[in-house]
Each structure stands twice: as C-alpha cells, then as structure tokens.
Amino acid sequence: MSISRFANLPDAQGFFGRFGGQFIPPELKQVMDEIDAAYEEIRLREDFQQELAELFTDYVGRPSPIFHARRLSEKLGGAQIHLKREDLNHTGAHKINHCLGEALLAKFMGKTKVIAETGAGQHGVALATACALVGIPCEIHMGQVDIEKEHPNVTKMKILGCKLVAVTRGTATLKDAVDSAFEEYLKDPQNFLYAIGSVVGPHPFPKMVRDFQSIIGREARQQFLERHGRLPDHVTACVGGGSNAIGMFTAFLDDDSVHLVGVEPAGEGLDTQRHSATLTLGKPGEIHGMACYVLEDEQGNPMPVHSIASGLDYPGVGPQHSYLKEQGRVDYETATDDECLDAFLTLSRVEGIIPALESAHAVAWAIRIAATLPKDQHILINLSGRGDKDADYVADKLGL
C-alpha cells in the first residue's frame, strides 16, 4: 500500500475524498478558517509541542501501557488479546488528549469561553479539566437522558467549575446536545471556541482532533514492536464519532499486514430502528457541517439513534472513517447492547478491568473473533475509557 494513499489528508478544503469539508454559512467559514490558520501556526511551534508533551507526560500520565489480557485470551482459547489502556489516563479516557490541545489553542487565540457537547460525559469532564488547567471558562451541553445515565461524570463537571446545560429537546441525547452547543457558539463565534468532542464537524476539527489523538496509535505501534518484535494482526476500537478509533488507526494505515476494525453499536439489533450503526446502514449525506455517512429517516432528517453507550449514539460519523470505509482500509463491524454488556462483565470479572460501555463494543468484537483465530495471532484493542461512569447504570440494568 502506498503511503501517498493516506498521507496529506485532508486536502486544503478539509476533504477526505468526497467526505468532510465545510457545509456552513459564509460568516462561519471565515471563523473556521481562522481556527485552521491558528492551529497550523501553533502546531509547528516548538513551545506549543513542548508544553503539550509535558502535559501528556506529567498531567495525563502518558504513555498509557499495553496490557496482555492473558486470562481472557486463555479463556477464549484463540488469539492473544492486548489492551491499550487509555482508561488509565487522567479523567479516565482518551478524550483528555484532544481537550488539552483544544484548550491550549483557545488560550493562544485569546478566546473568552470554550463550548462543547458531551454524550457519556467523558469529553465534558476532560474539557472542563483542561479549561480549569489553562484558566478559561467552560460550558458543556449534555442531553437530559445522558445526564441521568452518567451521573458520576455530571458531578465531576460541576466540581471542575464548568457550566452544565441540560438539553431536553428531541431525544435529549448526543445529537441534540451538539445542536444546542452549536447554537450557543453561534452567538459569538469570534470570542467563543466550540471544542468539538470527536473527529466530526466542519474542517478543521476532524483533522485537529485526529492529530491530537494520534498519539494513541504512535505509542501503541512502538510499544508493540518493542515488546513483540512485530505488529499486531488486528487492531480494533469502538466507533461513534470516531476519535479514539482514528487516533489508534492512523499509525497503522500503511501497514498492510494489520487488519483494522471499527466497531459500531448495533444497539437492540440492525433489523430495528434502535441502533447507531452509521457506517453499516447509513448512506452519504451531510450533518453538522460535514459530509459523511449519516443515518436518515424517510424525510432525509437525521434518524433518532440508540446505543447503550451514550458516547456512541450519534447519527453521523467522522469523515475520515467514511473515507476509510469506501477505500476498504478499515472494516466496520457491529456489536449489540447485549454483547456489549457481556463483554463489560467478562473483562471486569476475568481481568479486573471495568471498561467504559463504549470501549466494551470493541472488546465484544475481540471476544467474538478471538476463538476463531490461531493462538499466535494478536488482537490489540483500544480500551478508550474506564467504566466508573457506567457502573451504577449497568448494576441497575442487570440487577446486580
């Protein structure tokens, strides 16, 4: 595979093939171009890179380790399973990686407030944390349904000093939180920064968030080579918007031998309307300022979606994932709510690691496939977050 196939993406207009871009009003395009210019300037500055590297090491606790799940591998009797432990990061997930970058960018640009949406609350907690660190006011919009599911993260956001806005419109979940946050941002885009929580939205956000998250894959590739003298056979991560997955996949895109698998939420079944399998059942469209695969209803509006994992119930997906699907470089599979719950409990009880429900989708795929593979094959899972936020919800749901 030629490196040129994936290098230099997106193009200057923010497109990954036919996906991405800026489908926004002209006045907002100017603001987005200013953010892009500021990002391109700051990312090349040695002082910025040094400050971010120091924060990753001393504040986040990077590099996150890779753990060989030996007991789980033995239980399944097939391929060896390894976990990239993003759950051990400060704030408990991969989200802190791009939130620090976005908060430093907001500081560099002299912004007076940072606004964001959150689903499971991990992006909200991470951004509130980063804004507290750099001293910028933070406002987080969160669907009422998710507020009730993810109470521990709601409490953390309030402790960290952010303004939390409960969104009750529509399905009161992630898509509605995005709409609400974007409306607030449009009140003063010159002085506010909308810190998008995934590799979605208008250019330059899919590029920026990917770049900040790519540390996951760079670390993992080096760590695996050093420990095993080879690359993993399969690398997998859950996909909602897709930030943790693209962060992991980017370092492996030009390694033909590595099978890349994104795992979407099949929810209550692909034959129902209760899923969030955008790449599996959606079609090319536009949402939130970008072209990507979208789940739409018969009227062409974004479809109400469902996942047991609040961070994955989004009817769109990152434009680079849409491109990688059509290029055939990444396979996109699904896991149901029930498979996710089973993986959540299995990893907890076999390895003593409680995963986020989002991450448990990738664990579910690995559990499903491992037994069909020989023991000398290796599966590397991006364990994107820990399950503290989900523990009470799961316990209530399962009667534990």
Restricting the search to region 154-177, which residues are open to solvent by 20 Å² or more (accessible area, probe 1.4 Å), among the β-branched types (Val, Ile, Thr) and under 28 Å from VAL294 (Cα atoms)? VAL165, THR168, THR171
Does TYR314 qualify as being out of contact with any strand residue (DSSP E or B) (no Cβ under 8 Å at 6 or more places or on another chain) and not hydrophobic (A, V, I, L, M, F, W, C)? yes
Please list, ordered by first then second residue, the pairs with beta carbon atoms under 6 Å, 6 or more apart or interchain, first in region 360-383 and in contact (Cβ under 8 Å) with a residue 12 or more places away in the chain, second of a type outside the set (Gly, Ala, Ser) and assigned to a loop (DSSP other than H, G, I, E, B). GLN377/ASP233; HIS378/PRO232; HIS378/ASP233; LEU380/PRO232
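How many residues does region 220-251 contain that are surrounded by fewer than 24 Cβ atoms within 10 Å (Cβ to Cβ) and outside any loop (DSSP other than H, G, I, E, B)?
Taking region 220-251 as the starting set, the residues that turn out to be surrounded by fewer than 24 Cβ atoms within 10 Å (Cβ to Cβ) are 221-231, 233-234, 250-251.
In the following step, the residues that additionally are outside any loop (DSSP other than H, G, I, E, B) were identified as 221-228, 234, 250-251.
Matching residues across region 220-251 total 11.
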Those residues of region 88-103 that are open to solvent by less than 10 Å² (accessible area, probe 1.4 Å) and in contact with a His (Cβ under 9 Å, 6 or more places away or on another chain) come to a total of 4
Hey, does region 252-272 have a residue that's open to solvent by less than 10 Å² (accessible area, probe 1.4 Å), under 27 Å from LEU341 (Cβ atoms) and among the acidic types (Asp, Glu)? yes
Looking only at residues in region 104-126 that are of a type in the set (A, V, I, L, M) and over 9 Å from ALA195 (Cβ atoms), which one is surrounded by the fewest Cβ atoms within 10 Å (Cβ to Cβ)? MET109
Can you pull out the residues in region 95-114 that are in contact with a helix residue (DSSP H, G or I) (Cβ under 6 Å, 6 or more places away or on another chain) and outside any helix (DSSP H, G or I)? VAL114
Given (1) part of a helix (DSSP H, G or I); (2) in contact with a Ser or Thr (Cβ under 9 Å, 6 or more places away or on another chain); (3) open to solvent by less than 60 Å² (accessible area, probe 1.4 Å), LYS75 misses just (3)
Going by what's in this entry, would GLU117 be described as outside any helix (DSSP H, G or I) and touching a residue at least 12 places away in the same chain (Cβ under 8 Å)? yes
Which pairs turn up if I take residues in region 60-73 that are more than 16 Å from THR91 (Cα to Cα) and look for partners that are in a helix (DSSP H, G or I) and open to solvent by 40 Å² or more (accessible area, probe 1.4 Å) with beta carbon separation below 6 Å, at least 6 apart in sequence or on another chain? ILE66/GLN223
Residue that is under 15 Å from ALA79 (Cβ atoms), within 23 Å of the chain's Cα centre (by Cα) and open to solvent by 30 Å² or more (accessible area, probe 1.4 Å), where the choices are ILE369, ILE379, ILE354: ILE369
Given the structure, is LEU324 without any contact (Cβ under 8 Å) to a residue 40 or more places away in the chain and buried (at least 18 other Cβ atoms within 10 Å of the Cβ)? no
Among the numbered criteria (1) open to solvent by 50 Å² or more (accessible area, probe 1.4 Å); (2) farther than 21 Å from LYS95 by Cβ; (3) touching a residue at least 40 places away in the same chain (Cβ under 8 Å), which one does GLY399 miss? (3)
Anything in region 127-141 that is among the aliphatic types (A, V, I, L, M) and open to solvent by less than 10 Å² (accessible area, probe 1.4 Å)? List them, or say none. LEU127, ALA128, ALA130, ILE140
Those residues of region 19-70 which are touching a strand residue (DSSP E or B) at 6+ places or on another chain (Cβ under 7 Å), among the hydrophobic types (A, V, I, L, M, F, W, C), within 28 Å of SER384 (Cα to Cα) and in a loop (DSSP other than H, G, I, E, B) amount to ALA69
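Condition check ((1) farther than 21 Å from LEU357 by Cβ; (2) touching a strand residue (DSSP E or B) at 6+ places or on another chain (Cβ under 9 Å); (3) modelled with pLDDT of 95 or more; (4) charged (D, E, K, R)) across all residues:
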residue	(1), (2), (3), (4)
GLU148	no, no, no, yes
PRO152	no, no, no, no
VAL178	no, yes, no, no
HIS203	yes, yes, yes, no
PRO206	yes, yes, yes, no
Quick one: is ALA391 out of contact with any strand residue (DSSP E or B) (no Cβ under 8 Å at 6 or more places or on another chain) and either modelled with pLDDT under 95 or not in a strand (DSSP E or B) (or both)? yes
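The values are calculated or read from the model by the stated rules, or taken from the named source; none is laboratory data. In this text the structure is predicted, and so the values were computed from the model without any measurement. Neighbour counts are summed over all protein chains in view; Cβ atoms, including those assigned to glycine, are modelled from backbone coordinates with ideal geometry. Each accessible area value is taken on the protein alone, full model and side chains, heavy atoms only, with ligands, DNA and RNA left out. Shrake-Rupley method; radii C 1.70, N 1.55, O 1.52, S 1.80 Å.
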